[in-house]
Amino acid sequence: MDIFRISAFILCAVVFISALDKYTPWAALLISVSAGALVILYIMPQITRMVEQMNGLFAAVDGGSGYAALLLRVTGISFAAQMTSQICVDAGQKAMGDKIELAARVFIAVCTLPLISDMMKLITSFLGG
């Protein structure tokens, strides 16, 4: 199973990072970022397949309103922000990681404004407004 390969790879990377962190922190950070990028590249086919299947499901149910694209966009923003924030924390820059998380929250709020607007219109139409 792929998760065991990924876990073994990450554990090896962690051993190297731990060994290098004391003497060359820049090299440890470089290995950490590289290992993360390799894992993302490795799982990219599964992500692509998941996105295609979700688009197919939502196209049948959603009726073309765009909510599926919104869900995928918000999911992508949260994944990217979490990963980047963790890299910042690993590099000793927790404050920068917090700023990335804040930016992600703002972007998600902006992305969901059309959905909130549609919900408000639906609620007012039910209330006779």
| task | Pull up the stretch 26-67, narrow it to residues that are not in a helix (DSSP H, G or I) and not polar (S, T, N, Q), then point me to the one that is surrounded by the most Cβ atoms within 10 Å (Cβ to Cβ). | result | 66
| Of the residues 127, 72, 38, 113, which single one is free of Cβ contacts under 8 Å to residues at least 24 places away in the same chain, closer than 28 Å to residue 1 by Cβ and not β-branched (Val, Ile, Thr)? | 72
| task | Exactly one condition in (1) part of a helix (DSSP H, G or I); (2) loosely packed, with under 15 Cβ neighbours inside 10 Å is not met by residue 92; state its number. | result | (1)
| Quick one: would you say residue 83 is in contact with a helix residue (DSSP H, G or I) (Cβ under 6 Å, 6 or more places away or on another chain), among the hydrophobic types (A, V, I, L, M, F, W, C), part of a helix (DSSP H, G or I) and within 22 Å of residue 26 (Cβ to Cβ)? | no
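Using the structure shown, decide if residue 85 is surrounded by 11 or more Cβ atoms within 10 Å (Cβ to Cβ), of a type in the set (S, T, N, Q) and modelled with pLDDT under 80.
In short, no.
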| remark: Checked pairs for the stretch 44-57, first over 14 Å from residue 76 (Cβ atoms), second hydrophobic (A, V, I, L, M, F, W, C), C-beta under 8 Å and 6 or more apart or across chains, list as 57/68
| task | Check off (1) more than 21 Å from the chain's Cα centre (by Cα); (2) loosely packed, with under 13 Cβ neighbours inside 10 Å for residue 16 and give me the number that stays unchecked. | result | (2)
| said: Kindly evaluate residue 103 against the criterion of being among the hydrophobic types (A, V, I, L, M, F, W, C) and at pLDDT 90 or above. | reply: yes
| query | In the stretch 68-82, what residues are closer than 14 Å to residue 103 by Cα, surrounded by fewer than 16 Cβ atoms within 10 Å (Cβ to Cβ) and of a type in the set (A, V, I, L, M, F, W, C)? | reply | 79, 80
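The values are calculated or read from the model by the stated rules, or taken from the named source; none is laboratory data. None of these values were measured; they are calculated from a predicted model. Glycine also receives a Cβ, built like all others from the backbone with ideal geometry; neighbour counts cover every protein chain displayed.
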